[in-house]
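See structure below.
The values are calculated or read from the model by the stated rules, or taken from the named source; none is laboratory data. Computed from a prediction, not measured in an experiment: that's the story for all the values here. Neighbour counts are summed over all protein chains in view; Cβ atoms, including those assigned to glycine, are modelled from backbone coordinates with ideal geometry. Note: accessible area is taken over every heavy atom of the protein model, side chains too, but ligands, DNA and RNA are not part of it. Shrake-Rupley method; radii C 1.70, N 1.55, O 1.52, S 1.80 Å.
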Amino acid sequence: MSEPILSIRRLRKAYASGTEALKSLDLDIRRGEIFALLGPNGAGKTTMISIVCGIVKPTDGEVLIDGKNWQRHFREARTRIGLVPQELTMDVFEPLLNTVSFSRELFGRRPDPARIEQILKDLSLWDKRKAILKDLSGGMKRRVMIAKALAHEPDILFLDEPTAGVDVELRRDMWELVRRLREGGTTIILTTHYIEEAEEMADRVGVINKGELILVEEKTALMQKLGRKILHLQLTEPLAAVPPELAQWNPQLSDEGATLTYEFDAKADRTGIPSLLTAMRDAGIAFKDLDTKQSSLEDIFVSLVHEQRSAA
Amino acid sequence: MNWRGIWAIYKFEMHRFRRTLWTGLAVPVITTSLYFIVFGAAIGSRMSEINGIDYGSFIVPGLMMLSLFTESIFNASFGIHMPRFTGTIYEILSAPLSAIETVIGYVGAAATKAMSVALVILITANLFVDVRVEHPVLMLLYLLLVAATFCLFGFIVGIWAKGFEQLQIIPLLIVTPLTFLGGAFYSIEMLPEPWRTITLFNPVVYLINGFRWTFFGTADVPVATSLAATFAFFLTCLGAIWWIFRTGYRLKQ
């Protein structure tokens with residue numbers, strides 16, 4: 001396992017208003033991964049990104065880029081980082097090509113028209129290069145923001161809610177683009193509150209709530225570990241109540257008794273399914289169909305945040 | 001030094017000025033012409049020479065300074081206020097640029113524009129009166145120093161201002177009155193006491209007289225005093241900007 005490309009150490013941010021946006025946050029980002037930071041609004045996602053990118057000053061703690069302090073080596077750190085902020089903020093009277101070239105040079109890179117052309121083509125913006133930004137559609141503006149962030153060829157890319165307010169088709173394109181970037185070696189950290197997005201793309205998922213990382217886990221491991229499976233049995237004859245023979249499995253009846261639901265732990269050695277089915281056969285309860293469903297990241301997320309709330 | 005970054009900001013700002021090039025040039029030309037019609041033709045003919053200088057020529061350095069002040073403050077404050085307002089400042093803050101590099105980019109562009117306007121005024125004035133410049137090189141250097149100082153000042157205003165109306169307050173309520181009262185259109189020798197002494201507390205008097213000295217070789221106050229006052233203002237602004245970036249005042253939360 002190589003050194004983390006980005007290390008966040010005991011990062012704390014208290015705003016003047018007294019709000020503690022981050023409470024001593026620790027996080028390591030691995031080289032070349034897609035890391036999804038998940039959390040409700042106001043959880044501290046944007047604050048964390050803004051501190052790493054030098055836009056907000058932390059109250060305490062530090063950030064290391066390849067082991068180097070991000071303030072002491074700010075030039076190197078910032079040249080390596082690209083940021084796509086949540087808001088579509090741009091100089092609306094500028095032509096598209098100018099604004100993207102500006103971003104590249106601002107970060108100290110030699111002008112490279114061929115490179116900019118490639119970035120704009122990858123984002124399907126090349127045909128619009130002469131357009132004034134205010135005349136572009138919302139989806140195009142979002143892509144312009146990405147083009148600006150990529151213009152200086154960063155190897156760490158922050159995407160703050162990249163698909164907020166973006167239609168389904170464009171969202172798919174965005175995911176495709178992020179995957180291509182990762183293939184090219186870029187490390188990507190994205191925040192989202194669309195669980196679907198994290199589930200679709202991330203290698204690892206971090207869940208942040210009220211300024212604390214409640215969990216960091218491989219996505220697949222997380223879903224396995226916390227994933228509950230649910231067995232649905234479509235009964236041939238509806239039941240009025242759960243028969244006492246099945247009580248030890250604690251199944252639930254729904255659809256006016258037509259569906260029997262049994263929740264089990266997918267990671268356990270004994271799921272209890274075979275014995276339940278045997279007990280049902282012995283009790284003479286027949287079923288015509290069955291399916292099992294794994295709980296989604298969304299279910300996991302809701303239960304985590306909920307747990308934390310009830311613990312507090 | 002991230003020279004490319006500085007150059008990018010400079011080019012961006014100059015491009016912004018080029019978009020409004022014609023209004024940017026028409027304004028100083030028209031204003032100067034108006035001043036000459038009013039002060040030169042209507043009033044100037046009734047004015048005697050001041051320190052042996054024809055009144056029309058006498059007001060040229062004052063006119064240039066007046067425009068230089070307002071243009072410098074306006075361009076520099078607007079230049080930095082706009083990204084704060086729209087939110088595009090995120091890119092400047094996250095770029096590998098030090099505070100001083102950011103300031104050089106913005107202030108350099110604003111000073112270039114302000115100096116161009118001042119020189120356009122000088123050229124326009126030449127259509128009305130014969131202006132001789134005794135020390136042309138010093139005149140340009142002095143123009144540069146004052147432009148840089150007021151652009152730094154404008155940069156501070158742009159960071160301090162909470163809205164676009166506040167951008168106007170400093171130039172309209174402080175700088176323009178001080179300039180009119182600072183001997184832009186008259187010699188302070190012409191004032192009766194105690195006004196003459198009171199006027200000496202107006203810092204703009206030193207700026208205008210220093211500049212006037214480069215034109216005619218004479219001024220109301222010694223040129224060394226003028227230079228010292230200008231430098232003092234320059235260093236004060238520089239200090240304030242250093243503090244702003246160190247503390248992140250109104251730039252970083």
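Listed by first and then second residue, the pairs with beta-carbon distance under 7 Å, at least 6 apart or on different chains, first residue in the stretch B:5-24 and open to solvent by 70 Å² or more (accessible area, probe 1.4 Å), second small (Gly, Ala, Ser) and in a helix (DSSP H, G or I), form an empty list. Of all the criteria given as (1) open to solvent by 30 Å² or more (accessible area, probe 1.4 Å); (2) among the small types (Gly, Ala, Ser); (3) under 30 Å from residue B:34 (Cα atoms); (4) touching a residue at least 40 places away in the same chain (Cβ under 8 Å), the one not satisfied by residue B:116 is (4). Considering the stretch A:66-80, and only residues there that are more than 12 Å from chain B (Cβ to nearest Cβ) and outside any loop (DSSP other than H, G, I, E, B), the residue that is surrounded by the most Cβ atoms within 10 Å (Cβ to Cβ) turns out to be A:68. Scanning the stretch B:78-89 for residues that are facing chain A (nearest Cβ under 7 Å) and buried (at least 19 other Cβ atoms within 10 Å of the Cβ) turns up just one, B:88.
When you look at residue A:100, is it in contact with a Lys or Arg (Cβ under 9 Å, 6 or more places away or on another chain) and not in a loop (DSSP other than H, G, I, E, B), yes or no? Steps first, answer last, please.
Values: in contact with a Lys or Arg (Cβ under 9 Å, 6 or more places away or on another chain): yes; not in a loop (DSSP other than H, G, I, E, B): yes.
Here the answer is yes, as residue A:100 does meet what is asked.
Restricting the stretch B:95-107 to residues that are of a type in the set (Gly, Ala, Ser) and buried (at least 19 other Cβ atoms within 10 Å of the Cβ) leaves a set whose member that is farthest from the other protein chains (Cβ to nearest Cβ) is B:105.
Check every one of the strands (runs of 3 or more DSSP E) wholly within the stretch A:180-287 and list those with 1 or more residues that are over 30 Å from residue A:150 (Cβ atoms).
A:204-209, A:212-218, A:228-235, A:252-254, A:259-265
Does the stretch B:145-162 contain at least one residue that is open to solvent by 10 Å² or more (accessible area, probe 1.4 Å) and free of Cβ contacts under 8 Å to residues at least 12 places away in the same chain? The answer is yes; a qualifying residue exists. Can you tell me which residue within the stretch A:2-46, out of those that are β-branched (Val, Ile, Thr) and modelled with pLDDT of 90 or more, is most open to solvent (accessible area, probe 1.4 Å)? Selected residue: A:46. Listed by position, the helices (runs of 4 or more DSSP H) inside the stretch B:111-200 whose residues that are among the hydrophobic types (A, V, I, L, M, F, W, C) number at least 3 are B:136-160, B:164-169.
Is it the case that residue B:92 is in contact (Cβ under 8 Å) with a residue 40 or more places away in the chain, of a type in the set (A, V, I, L, M, F, W, C), more than 25 Å from residue B:208 (Cα to Cα) and open to solvent by 10 Å² or more (accessible area, probe 1.4 Å)?
On the way: in contact (Cβ under 8 Å) with a residue 40 or more places away in the chain: yes; of a type in the set (A, V, I, L, M, F, W, C): yes; more than 25 Å from residue B:208 (Cα to Cα): yes; open to solvent by 10 Å² or more (accessible area, probe 1.4 Å): yes.
Answer is yes for this residue.
Note on the stretch B:169-217: residues that are more than 19 Å from the chain's Cα centre (by Cα), under 22 Å from residue B:36 (Cβ atoms) and either acidic (Asp, Glu) or open to solvent by 60 Å² or more (accessible area, probe 1.4 Å) (or both) total 1. In the set A:106, A:157, which member is within 14 Å of another protein chain (Cβ to nearest Cβ), buried (at least 20 other Cβ atoms within 10 Å of the Cβ), closer than 17 Å to residue A:179 by Cα and of a type in the set (A, V, I, L, M, F, W, C)? The unique qualifying residue is A:157. Take the residues in the stretch A:81-103 that are among the small types (Gly, Ala, Ser) and more than 8 Å from every other protein chain (Cβ to nearest Cβ); name whichever of them is surrounded by the fewest Cβ atoms within 10 Å (Cβ to Cβ). My answer is A:101.
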